[in-house]
Amino acid sequence: MADGLGDKPMEADNGTNTLKPPQMGLKLVHLDLKGAPPKVSYLVEIFPLLSHLGADGILLEYEDMFPYEGKLQVLRSPHAYSPSEIREIMNLARVLHFEVIPLVQTIGHMEEESMELVKSMIDQIMAVHKDLKWLHVGSDEVYHLGESEESQKLLAQTQNTVDSLFLSHVRAVANYIVTSYPNVKPIVWDDMLRNISEEKLKESMLSQFVELMIWEYNANFKVDGMMLQIQKYQRSGFSHMWFASAFKGSTGAAQSLTPISYHLANHLQWLKVAEALSRDFIQLHGIALTGWQRYDHFSVLCELLPVGLPSLAVCLQTLKNGVFSEKEEDFVKKCLGFKTLRVNFISTEDAGSFPGSDIFNRVTQIITYLQESVDKLLEENIYIKGWFSNYHRKRKFVHPSIIQHFEGEVRRVHAHWKAGVGELSAALEKIYYPDTVEEWLEEHVHPTLTKLQLFVKDMDETLASEHLK
């Protein structure tokens with residue numbers, strides 16, 4: 001396997017020659033719907049594939065795609081899933097024996113922090129999802145907690161700190177869940193607890209209400225450091241843990257192609273943590289393979305889901321078998337229809353045949369070659385640079401014999417990319433709603449293609465001008 005990333009041995013089974021991978025618990029695929037939410041028809045296509053690759057469930061981060069009703073209807077996207085579509089997702093998950101864990105942000109990325117709002121959101125989520133065991137309540141990256149006027153007054157008048165404000169809010173949310181829905185356990189992201197002391201965590205009694213999902217997306221994070229953090233949580237009263245890795249959406253806010261080797265390395269590190277965890281007798285419920293679609297509500301789109309599927313396949317197989325060797329690589333290639341599989345950025349030679357592979361193939365081609373080919377044509381061609389510059393184009397002035405040196409190539413490149421973008425647009429429209437198609441094309445296609453189209457327009461107008469008659 002390239003880069004030597006698949007050489008980690010699996011754990012030996014005592015008394016036998018059988019190799020046994022570290023036990024990772026449930027392997028949940030995270031679907032981040034706050035950007036580029038796929039149509040339910042696409043989820044129906046890929047859920048069986050995810051199961052085949054080793055997934056045990058879905059961490060479903062609805063955001064504005066949940067069909068909120070009543071006063072909460074203002075939170076709904078124009079393209080929000082209908083109640084019948086939610087039921088379709090749940091029915092398919094049930095057939096595949098998937099654990100489904102909804103994720104509803106209750107603090108942090110939310111614009112609102114009202115408990116009544118949070119309770120209403122939780123109630124509506126719970127009304128649609130029957131027999132839940134867990135509900136993820138988010139609570140990560142609360143960067144501006146304590147900065148509002150109301151919070152400032154509260155901090156000034158009491159012994160409260162920002163940490164205690166956070167702990168009290170999360171505990172209140174969790175208490176509402178366990179009181180109203182006794183069979184459901186809340187899960188929270190761990191990052192806001194990392195710098196809170198053991199004493200304060202114990203004092204908060206938060207461990208009686210929630211389970212932690214510890215996230216780390218770096219390719220080469222320190223296993224020893226992670227174990228120290230986990231042991232701190234254990235001493236603070238937390239006995240059940242979740243991990244969160246990343247299969248896409250964590251290597252750059254504007255990332256378009258997924259570097260598989262980076263995410264593979266991240267999962268190999270998590271396997272080492274799981275192996276160490278088993279020796280410390282801490283119970284691991286599972287791991288969520290996150291696939292962020294935006295870094296936050298205001299950022300651009302990260303890699304589209306079909307583009308990240310090969311990475312997800314590699315990561316799931318790695319977690320399932322404790323290693324990514326030639327055997328796992330062959331399995332992934334067979335499942336996705338690849339003849340070759342590169343663990344760095346997939347090349348245009350690696351065309352697959354999985355659901356959404358047409359998007360994968362076209363996006364890879366456009367991101368890899370569109371700007372490069374157009375820039376090379378318009379900025380390096382000596383006849384364009386010397387005889388049809390911006391100055392000439394503006395005045396529609398060129399010698400007829402000169403334009404023959406680049407007209408054919410310009411038209412060929414323009415026709416090639418116009419057709420390719422048309423095919424991508426059609427493929428995107430099958431899976432995504434119009435706003436996603438518009439956003440992706442505006443970000444990654446229109447700046448370069450428009451540049452080429454304007455050149456063709458100037459060339460045509462110049463050819464038709466009086467200068468050439």
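In plain terms, the chain is cut at each of the chymotrypsin sites (Phe, Trp or Tyr not before Pro) found in a DSSP loop with at most 13 other Cβ atoms within 10 Å, and the longest leftover piece is 299-469. What the pair-distance distribution of the range 177-304 shows, using all Cα-Cα distances binned every 5 Å from zero, is 2, 10, 18, 19, 18, 14, 11, 6, 1 percent.
Altogether, the Stokes-Einstein calculation at 25 °C and 0.890 mPa s, with the Kirkwood radius of the range 259-337 over Cα pairs as Rh, returns a diffusion coefficient of 174 µm²/s. Within a straight-line Cα-Cα reach of under 23 Å, residue 232 can be paired with the following lysines, leaving aside sequence neighbours fewer than 8 residues apart in one chain: 185, 200, 202, 222, 272.
So how many Lys-Lys pairs in the range 326-408 land under 16 Å Cα to Cα, not counting same-chain pairs under 8 apart? Intermediate values should be presented prior to the final figure.
Numbers: 327/339; 376/385; 385/394; 385/396.
The number of close lysine pairs in the range 326-408 is 4.
Each semi-axis of the equivalent ellipsoid for the chain is √(5λ) with λ an eigenvalue of the Cα gyration tensor; in descending order they amount to 46, 28, 21 Å. An ellipsoid equivalent to the range 159-234, defined through the eigenvalues of its Cα gyration tensor, has semi-axes of 23, 16, 11 Å when rounded to whole angstrom and sorted largest first.
Taking a temperature of 4 °C and a viscosity of 1.567 mPa s, what whole-number D in µm²/s does Stokes-Einstein yield for the range 323-469 with Rh from Kirkwood over alpha carbon pairs? Working shown, then result.
Numbers: Rh = 17.7 Å.
Estimated via Stokes-Einstein, D reaches 73 µm²/s.
By how many nm would the segment from residue 208 to residue 412 lengthen if fully extended, with 0.36 nm per residue of separation less the alpha-carbon distance? Each step should come with its number before you reach the end.
On the way: separation 204, 0.36 × 204 = 73.44 nm, distance 6.62 nm.
Computed gain between residue 208 and residue 412 is 66.8 nm.
What percentage of the solvent-accessible surface of the chain, computed with a 1.4 Å probe over protein heavy atoms, is contributed by carbon and sulfur atoms? After summing per-atom areas, the C and S share lands at 50 percent. Out of all Cα-Cα pairs in the range 374-447, roughly what percent, to the nearest whole number, are more than 19 Å apart? I get 50 percent for the Cα pairs in the range 374-447 exceeding 19 Å. With only Cα atoms counted, the range 257-411 has Rg and Dmax values of 23.3, 81 Å.
Using bins of 5 Å that start at zero, the share of Cα-Cα pairs per bin across the range 27-119 amounts to 3, 12, 23, 25, 17, 12, 7, 2, 0, in whole %.
In the context of the full set of protein chains, the range 159-227 has a per residue accessible area of 47 Å² (1.4 Å probe).
The values are calculated or read from the model by the stated rules, or taken from the named source; none is laboratory data. Nothing here was measured: the structure is a model prediction, and the numbers come from that model. For neighbour counting, all protein chains shown are included, and Cβ atoms are generated from backbone atoms with ideal geometry for every residue, glycine included. Just the protein is used for accessible areas: all its heavy atoms, side chains included, with ligands, DNA and RNA removed. Shrake-Rupley method; radii C 1.70, N 1.55, O 1.52, S 1.80 Å.
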